[in-house]
Amino acid sequence: MIKKIFLVILVAILLVSALTWYKFLSPKTAFAGERKYLYIRTSQATKQAVLDSIATDSILSNPSDFEWLAEKMDYWQRIKPGRYQIKQGESVLDIVRKLRNGSHTPVNLVINKLRLPQDLAKLVGKNFEVDSSSVIQWLDSAGTDHFHKIIPNTYSFPWTYSTTRIFKKLNEEYDKWWKEEERLEKAKAKGYTPEQVYTIASIVEEESNNADDKLKIASVYFNRLQRGMPLQADPTIRYALKNFTMNRVYYKDLEVPSPYNTYRNPGLPPGPICTPSPTTIDAVLDAPVTDYLFFVANADLMGGSTFTSNLADHNRAAKIYQDSLSAWLLRKAAKQKAAADSLAKASRS
């Protein structure tokens with residue numbers, strides 16, 4: 001009899017263990033991909049909001065098991081906002097532990113070339129809890145100088161970081177970057193502040209992707225500034241017009257009434273026209289001493305430039321380039337027209 005009771009108890013224990021394993025320790029994710037993210041907003045760190053997110057995003061096959069275990073593990077009293085990576089095949093216990101411990105997954109904010117504060121606001125709003133409109137409002141009140149102190153790179157932040165904390169970190173990294181590689185000393189040796197070098201680099205960034213040309217272009221701008229000549233940089237006109245797709249700047253465009261118009265205003269514009277890459281800033285800091293005062297894109301339209309030290313040589317090179325560009329634009333228009341005519345003919349047949 002005792003033996004029989006023991007067997008019954010043993011079977012019961014095994015059944016309970018098996019059920020417990022199945023409900024809480026076996027894989028219980030309900031999605032097909034490798035991972036999903038569970039977002040718990042700071043303003044909605046409630047039990048219902050967590051359960052709604054789990055259900056809406058189909059994270060678990062049986063949310064009720066999660067709710068029960070979360071209650072037993074006192075999770076509902078210690079909800080931590082954040083972005084949590086849920087991997088395919090995780091158990092309910094894995095997920096409850098992750099959330100209770102606040103083991104959130106940081107966001108990698110990849111900053112490349114940005115031209116306007118609105119561009120960064122959209123990028124931040126897309127990747128973080130804050131929305132883009134609040135970022136713009138913050139910049140309007142705190143000052144766009146914060147936008148002008150960013151070194152393009154990949155930065156890691158918690159998803160819940162506020163706009164203030166994001167920019168504080170970005171600006172700290174900016175200051176740290178300038179202290180490396182004797183960059184402050186290089187800027188001082190050229191007679192410019194880091195902010196002025198950054199502004200020059202932003203123009204060089206928009207002028208060319210050619211590493212060797214960037215060094216020479218920077219030397220052109222330094223030479224012009226030293227001689228009191230206007231920079232006459234076409235990228236500043238595009239920035240003033242907020243038209244970044246222009247293939248060509250026309251004489252009428254040079255009349256735009258903007259402090260960024262370097263054809264009408266001497267010296268540097270009031271700030272950078274984009275966030276220049278670290279390599280471009282270094283190119284400006286390492287710009288060689290030359291007698292170049294002019295440059296124009298090569299006629300082969302392959303990205304290189306022709307540099308000259310007098311206006312007559314520059315005008316000749318510019319005429320060759322303009323003729324080549326005009327011919328290219330005509331060929332492009334002809335191809336587009338031919339493609340449109342072919343499409344129209346096909347639709348009629």
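The values are calculated or read from the model by the stated rules, or taken from the named source; none is laboratory data. Predicted model only: the values in this text are computed from it and were never measured. All Cβ positions, even for glycine, are placed from backbone atoms using ideal geometry, and neighbour counts span all protein chains on display. SASA here: full protein model, heavy atoms, side chains in, ligands and nucleic acids out. Shrake-Rupley method; radii C 1.70, N 1.55, O 1.52, S 1.80 Å.
Between Ser219, Ser208, the distinction of being small (Gly, Ala, Ser), closer than 18 Å to Leu285 by Cβ and touching a Pro at 6+ places or on another chain (Cβ under 7 Å) belongs to Ser219 only.
Every listed requirement among (1) under 28 Å from Gly191 (Cα atoms); (2) touching a Leu at 6+ places or on another chain (Cβ under 9 Å); (3) open to solvent by less than 40 Å² (accessible area, probe 1.4 Å) is met by Thr280 save one, (2). Pairing each residue of region 26-52 that is of a type in the set (Asp, Glu) with any residue that is surrounded by fewer than 16 Cβ atoms within 10 Å (Cβ to Cβ), provided the two are 6+ apart or on different chains, yields C-beta distances under 9 Å for Glu34/Lys87; Glu34/Gln88; Asp52/Gln44. Do the conditions hold for Ser305, that is, is it closer than 18 Å to Ala233 by Cα, of a type outside the set (Phe, Trp, Tyr) and in contact with a strand residue (DSSP E or B) (Cβ under 7 Å, 6 or more places away or on another chain)? Answer is yes for this residue.
Just one of the listed residues (Ser64, Ser58) is of a type in the set (Gly, Ala, Ser) and part of a helix (DSSP H, G or I), namely Ser64. Within the span defined as region 153-167, one or more residues are surrounded by fewer than 21 Cβ atoms within 10 Å (Cβ to Cβ), farther than 30 Å from Ala45 by Cα and under 16 Å from the mean Cα position of the chain (by Cα). When Arg224, Arg183 are checked against the criterion of being in contact (Cβ under 8 Å) with a residue 40 or more places away in the chain and farther than 13 Å from Ala283 by Cα, Arg224 stands alone in meeting it.
Yes or no: region 43-54 includes at least one residue that is among the hydroxyl-bearing types (Ser, Thr, Tyr), more than 31 Å from the chain's Cα centre (by Cα), assigned to a helix (DSSP H, G or I) and surrounded by 14 or more Cβ atoms within 10 Å (Cβ to Cβ). Within region 43-54, not a single residue is among the hydroxyl-bearing types (Ser, Thr, Tyr), more than 31 Å from the chain's Cα centre (by Cα), assigned to a helix (DSSP H, G or I) and surrounded by 14 or more Cβ atoms within 10 Å (Cβ to Cβ).
Taking the criterion of being open to solvent by 50 Å² or more (accessible area, probe 1.4 Å) and either assigned to a loop (DSSP other than H, G, I, E, B) or closer than 22 Å to Pro288 by Cα (or both), the residues of region 235-267 that qualify are Lys242, Asn243, Phe244, Thr245, Asn247, Tyr250, Pro257, Pro259, Tyr263, Arg264, Asn265, Pro266. Of all residues in region 94-145, those satisfying the criterion of being farther than 22 Å from Glu173 by Cβ and part of a loop (DSSP other than H, G, I, E, B) are Gly102, Ser103, Asp131.
Residues that are closer than 30 Å to Lys169 by Cα, open to solvent by less than 30 Å² (accessible area, probe 1.4 Å) and either assigned to a helix (DSSP H, G or I) or among the polar types (S, T, N, Q) (or both) do not occur anywhere in region 83-91. Working carefully through the options Ile203, Ile217, find the one that is of a type in the set (Val, Ile, Thr) and more than 18 Å from Pro259 (Cα to Cα). Testing whether each residue is of a type in the set (Val, Ile, Thr) and more than 18 Å from Pro259 (Cα to Cα) leaves just Ile217. Checking Leu343, Leu268 one by one, the residue that is at pLDDT 95 or above and not hydroxyl-bearing (Ser, Thr, Tyr) is Leu268 and no other. In region 160-179, the residues that are closer than 22 Å to Lys80 by Cα form Cβ pairs under 6 Å with partners that are modelled with pLDDT under 95 and open to solvent by 70 Å² or more (accessible area, probe 1.4 Å), at six or more places apart or across chains, as follows: Thr160/Thr42. Selection of region 311-322 for residues being open to solvent by less than 80 Å² (accessible area, probe 1.4 Å), more than 24 Å from Glu205 (Cα to Cα) and either not small (Gly, Ala, Ser) or not in a helix (DSSP H, G or I) (or both) yields only Asp313.
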